[in-house]
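Here the structure is laid out as structure tokens; the discussion comes afterwards.
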Amino acid sequence: MPRPLFLLLSGFALITGLFAAEKSAPPSIKIEPLDAPAEASATAPTLARAPDGSVWLVWIESAPGGATVRSASLNPTTLRWSAAQRVATGPQILGVDTAPPALAVGRGGRVTVAWAEGSASFPKTESIFLSSSADAGLTWTAPTPLTTESKANSLPALTTLPDGRVLAAWLDRRGRIAGDQDVRLYARILGEDPVRDVLIDDRVSEKSSPALVSFPDGSALLTYRTLGEGFIRDINVVRYRLGRWENDYPLNRDEWSSPQCPASGPQLAVSGGRVAAAWFTAAEDRPRLRISSSPDAGSRFLTPLNVDFGNPLGGPAVAMLHDGALVTLWVEGESSLEKGPPAGLWLRRATPDYSLDPPVLVIAESVGRLRGQPRLAIVRDFAGGNSDVIAVATYATSGTGGGLRSFLITIPEGALLAAAAECGCAPSTDRVLGHPIRGVIVSVDATRGEVVATHPDIPGLRLGGTHAYRAAPELIARVQPGRDFLARVEPPGESWTISDLRLLVIPPEKKK
């Protein structure tokens, strides 16, 4: 081949390769610092998202003679924190990273906060206290004990059920008065019969916080670190459904044996009936940060993925997006490799089809400055098309300039999905929204824009039965009563909707 033509083709190949590389480069995640509303002594942050899209933050500030529990909220429109509000102040409030407050947010400005206080009469004994607000944090009730059955309890978890009630779980040491050293896990609905603490597990890890989430159908999922024979400290889950706790079962059998209890517990996040879980394990003397997801409200979990570089420290934070993607936040320690990743706060996305994107450094930070567990919450979720996800992250630091630090994280979810769909190896955006169902069409009402269908339970979302769904006119025009179908449904904004409906082939026996 003549040299000029070779050079021409080589140059063309180079340009084409560069263009292809540029085209295939994934959109980047954007990290922006966000001024936190807390003082320099602040520690132990907790985040929770309200139904109106605002994100609530509670933390503890230490001062001579005691500590104060404070709260603030992030406006989903302006993306700015409100001024801090005082929840409670007291000489026995524990202002330590290992005793973070718990938080549950409901509709109409209802907020509940739980925290631990030490006992002046019984050293090394903690009790959980509660305060609530009905006006978005402007005023708070006087602190009251979480339970009247025990004065030795700690590490609470809270979640608001769809009917507005608050479900709580906590670690309890009530048996130690009689010499029983085991730590138990209890739960209850707040404000109901004061003598109805429910025993969930009679032997759990003593320093690991449980985690609670609720679903649109009124059920909930609780996860915690067990303590089995041989000091096995794996992660269990248990469902609360139709007013009863079901049997617990392992999320994954890591078989981590450790005489020392880790201070980090598992974390959960939900989107509709989907659940994301994240936890730390050191089975086989290999520290790992693991994530998993469940498509059916925790009935079954996928084989876990390891998201870290090999030296994760403590507990993670996790969020689940509307399209089923997972986002994990964790602290990575110093690498032993010469050109290893820097220590600091890292983020990683798992796609809706459960594969891992490359890790993203949120901020490089020395391990000695990081305190407690990072937190993550979704402010604006994926809404289809080319929309972005906006999340907020926060963590505590020590030393000069310490206190709480927070960041806004913009994930170009629509662009990431579109880039993955270009190769035909990922579903389009309209195929990842909503929740899949199979059912039978009962009736169609074009005037009301409704399809009535009967279907089994949609775990976490809706009990089985006959239900009406809003539908687009073009969908209504092509469906007929009596036909079996596959579709995707969305829980209410204003009403339940159905989309991506595909009629199934009529079996020969049904045609007769």
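The values are calculated or read from the model by the stated rules, or taken from the named source; none is laboratory data. These numbers come from a predicted model, not from an experiment. For neighbour counting, all protein chains shown are included, and Cβ atoms are generated from backbone atoms with ideal geometry for every residue, glycine included.
For this structure, a couple of remarks:
- Qualifying residue in segment 347-356 (condition: of a type in the set (D, E, K, R), surrounded by fewer than 15 Cβ atoms within 10 Å (Cβ to Cβ) and part of a loop (DSSP other than H, G, I, E, B)): yes
- Filter result for the condition that a residue is closer than 30 Å to THR394 by Cβ, crowded, with 16+ Cβ neighbours inside 10 Å and modelled with pLDDT under 90, over LEU417, LEU408, LEU461, LEU433: LEU433
- Verdict on ASP388 being in contact with a His (Cβ under 6 Å, 6 or more places away or on another chain) and either more than 20 Å from PRO37 (Cβ to Cβ) or modelled with pLDDT under 95 (or both): no
- Within the option set THR328, THR281, THR351, THR303, being touching a Phe, Trp or Tyr at 6+ places or on another chain (Cβ under 8 Å) and either β-branched (Val, Ile, Thr) or closer than 24 Å to LEU161 by Cα (or both) holds for one residue only, THR281.
- For the residues ALA276, ALA263, ALA297, the requirement of being surrounded by 24 or more Cβ atoms within 10 Å (Cβ to Cβ) and either part of a loop (DSSP other than H, G, I, E, B) or at pLDDT below 95 (or both) singles out ALA297.
- Flag if ALA396 is among the hydrophobic types (A, V, I, L, M, F, W, C), touching a Gly at 6+ places or on another chain (Cβ under 7 Å) and buried (at least 23 other Cβ atoms within 10 Å of the Cβ): yes
- Taken over segment 469-508, the criterion of being acidic (Asp, Glu) and under 20 Å from HIS322 (Cβ atoms) is satisfied by GLU490, GLU494, ASP500.
- The number of residues in segment 41-95 that are in a loop (DSSP other than H, G, I, E, B) and either out of contact with any strand residue (DSSP E or B) (no Cβ under 9 Å at 6 or more places or on another chain) or at negative phi (or both) comes to 19.
- Candidate set: segment 138-172, residues that are among the hydroxyl-bearing types (Ser, Thr, Tyr) and over 27 Å from the mean Cα position of the chain (by Cα); chosen: the one nearest to SER205 (Cα to Cα): SER150
- Residue identified as outside the structural domain of ILE458 (by TED's automatic domain parsing), closer than 30 Å to GLY109 by Cα, buried (at least 17 other Cβ atoms within 10 Å of the Cβ) and touching a Lys or Arg at 6+ places or on another chain (Cβ under 6 Å) among SER209, SER205, SER219, SER154: SER219
- Only one of the numbered conditions (1) outside any loop (DSSP other than H, G, I, E, B); (2) surrounded by 24 or more Cβ atoms within 10 Å (Cβ to Cβ); (3) in contact (Cβ under 8 Å) with a residue 40 or more places away in the chain; (4) not aromatic (Phe, Trp, Tyr) is violated by ARG290, and that is (3).
- Of the residues making up segment 331-343, not a single one is touching a Lys or Arg at 6+ places or on another chain (Cβ under 7 Å) and part of a strand (DSSP E or B).
- Residues in segment 15-25 include none that are among the charged types (D, E, K, R) and either in the same structural domain as HIS322 (by TED's automatic domain parsing) or at pLDDT 95 or above (or both).
- Pairs meeting the criteria (first residue in segment 431-457 and under 12 Å from ALA477 (Cα atoms) and touching a residue at least 60 places away in the same chain (Cβ under 8 Å), second residue hydroxyl-bearing (Ser, Thr, Tyr) and part of a strand (DSSP E or B), beta carbons under 9 Å, at least 6 apart or on different chains) are lacking.
- Residue match in segment 60-68 (condition: crowded, with 21+ Cβ neighbours inside 10 Å and more than 27 Å from the chain's Cα centre (by Cα)): yes
- Residue check, GLY403 over 26 Å from GLY243 (Cα atoms), at pLDDT below 95 and not basic (Lys, Arg): yes
- Among the residues listed as ARG176, ARG196, ARG239, ARG188, the single one being out of contact with any Leu (no Cβ under 7 Å at 6 or more places or on another chain), part of a strand (DSSP E or B) and of a type in the set (D, E, K, R): ARG188
- Residue among ALA48, ALA40 that alone is surrounded by 10 or more Cβ atoms within 10 Å (Cβ to Cβ) and modelled with pLDDT under 95: ALA40
- Within segment 464-488, considering residues that are aliphatic (A, V, I, L, M) and out of contact with any Pro (no Cβ under 8 Å at 6 or more places or on another chain), the one surrounded by the most Cβ atoms within 10 Å (Cβ to Cβ): ALA471
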